[in-house]
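Take a look at the structure below.
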Amino acid sequence: MEITQARLIRKIQLGPEIFAYTIESKTIAQKAQPGQFVQIRINDSFDPFLRRPFSIAQVWANTFQIVFRIRGKGTKILAQAKEEDYLDVLGPLGRPVPCYEEANIVMIGGGVGIAPLLFLAQKARPKNRLYLFFGARTRTELILQEDFKKLTKNIAVITEDGSTEKKGMVTDLLTTEELDRLKNPLVFACGPVAMLKALKRNFGFLSIYGFLEERLGCGTGLCFGCAVKKKNGGYLRICKDGPVVNLNEIEI
């Protein structure tokens, strides 16, 4: 990891208060692996004091993409950045996803949590069959669909308000029979804690790897501000031991 002054070369609004930033950094682009993230310093003052973490959503030769929703003061300030501005970026951070070669891969995304699954799909596509289950509150929040369609035809979507063909939660799209048909797939999920809890409760017989989203302090494992309890005792640091972890190994 390293700190770099990285240029914001493209800014796109994907939905209500949802933005995609393409950032130029050859070092981060070449080192990053699915599951990793960056920490961005919001401005030159001490308010807000801490960097903000952002999952890496896509990577190209010299650039990478982050996707975020305005949630508080930090992301509200970041959303005001303009193309050609320089961002103070630390990364890549965290452990990459476990080995995913030659397997049926099921990706389950809730809202903006879909973003890091796109990077996984990019890397996994040549050797794996991909299945995406995507849920959001409403149709306008079903982001990045065109990017996923370039990688797989196996996509199912659902919205809580019924603005798509199916109404409900993303977990309503999944059945034990469907997962059995895929012959012990690797399952990766990113979204609200309630979604991850439901997946663990309903499909705990599978190894489900969750992309955990928590407030981070240092981002390097020193402060233990993002620690979660492990099932068999001890703690796991999301920033250092994750953010991708087997949900069966932690208390959630």
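No lab work stands behind these numbers, since they all come straight from the coordinates. This structure is a prediction, so every number in the text was calculated from the model and none was measured. Quick reminder, even Gly has a Cβ in these numbers, built from the backbone with ideal geometry, and neighbours come from all protein chains shown.
Please determine, by comparing only the residues of the range 5-51 that are of a type in the set (Phe, Trp, Tyr) and outside any strand (DSSP E or B), which one is surrounded by the fewest Cβ atoms within 10 Å (Cβ to Cβ).
To start, the set of residues in the range 5-51 that are of a type in the set (Phe, Trp, Tyr) comprises 19, 21, 37, 46, 49.
From what is left, the residues that are outside any strand (DSSP E or B) are 46, 49.
Values: PHE46: 7, PHE49: 10.
This residue is PHE46.
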- Output for the range 121-140, where each listed residue is farther than 15 Å from PRO185 by Cα and either part of a helix (DSSP H, G or I) or touching a Cys at 6+ places or on another chain (Cβ under 7 Å) (or both): GLN122, LYS123, PRO126, ARG139, THR140
- Given (1) crowded, with 21+ Cβ neighbours inside 10 Å; (2) closer than 20 Å to ARG52 by Cβ; (3) among the aromatic types (Phe, Trp, Tyr), index of the condition PHE224 fails: (1)
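Going through the range 13-26 one residue at a time, which ones are closer than 19 Å to GLY72 by Cα and not aromatic (Phe, Trp, Tyr)? Break it down into steps so the answer makes sense when it comes.
Pass one, the range 13-26, residues closer than 19 Å to GLY72 by Cα: 13-21.
Within the range 13-26, GLN13, LEU14, GLY15, PRO16, GLU17, ILE18, ALA20 meet the criteria.
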- Flagged pairs (Cβ under 9 angstrom, 6 or more apart or on separate chains; first in the range 131-144, of a type in the set (D, E, K, R); second exposed (fewer than 14 other Cβ atoms within 10 Å of the Cβ)) are ARG137/ASP161; ARG139/ASP161; GLU141/PRO16
- When ILE40 is evaluated against the numbered criteria (1) touching a residue at least 40 places away in the same chain (Cβ under 8 Å); (2) β-branched (Val, Ile, Thr); (3) more than 23 Å from LYS123 (Cβ to Cβ), which criterion, by number, is the only one it fails? (3)
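Here is a yes/no grid of residues against (1) in contact with a strand residue (DSSP E or B) (Cβ under 7 Å, 6 or more places away or on another chain); (2) closer than 19 Å to VAL244 by Cβ; (3) without any contact (Cβ under 8 Å) to a residue 40 or more places away in the chain; (4) aromatic (Phe, Trp, Tyr):
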| site | (1), (2), (3), (4) |
| --- | --- |
| LYS153 | no, no, yes, no |
| LYS167 | yes, no, yes, no |
| VAL170 | yes, yes, no, no |
| ASP180 | no, no, yes, no |
| MET195 | yes, yes, no, no |
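Output the residue which, of all residues in the range 53-94 that are under 23 Å from VAL245 (Cβ atoms) and free of Cβ contacts under 8 Å to residues at least 60 places away in the same chain, is surrounded by the most Cβ atoms within 10 Å (Cβ to Cβ). Write out each step before concluding.
Residues of the range 53-94 under 23 Å from VAL245 (Cβ atoms): 53-59, 64, 66-69, 71, 90-94.
Checking the rest, the ones that are also free of Cβ contacts under 8 Å to residues at least 60 places away in the same chain come to 54, 64, 66, 68-69, 71.
Working: PHE54: 23, PHE64: 28, ILE66: 25, PHE68: 23, ARG69: 18, ARG71: 11.
Filtering first and then ranking leaves PHE64.
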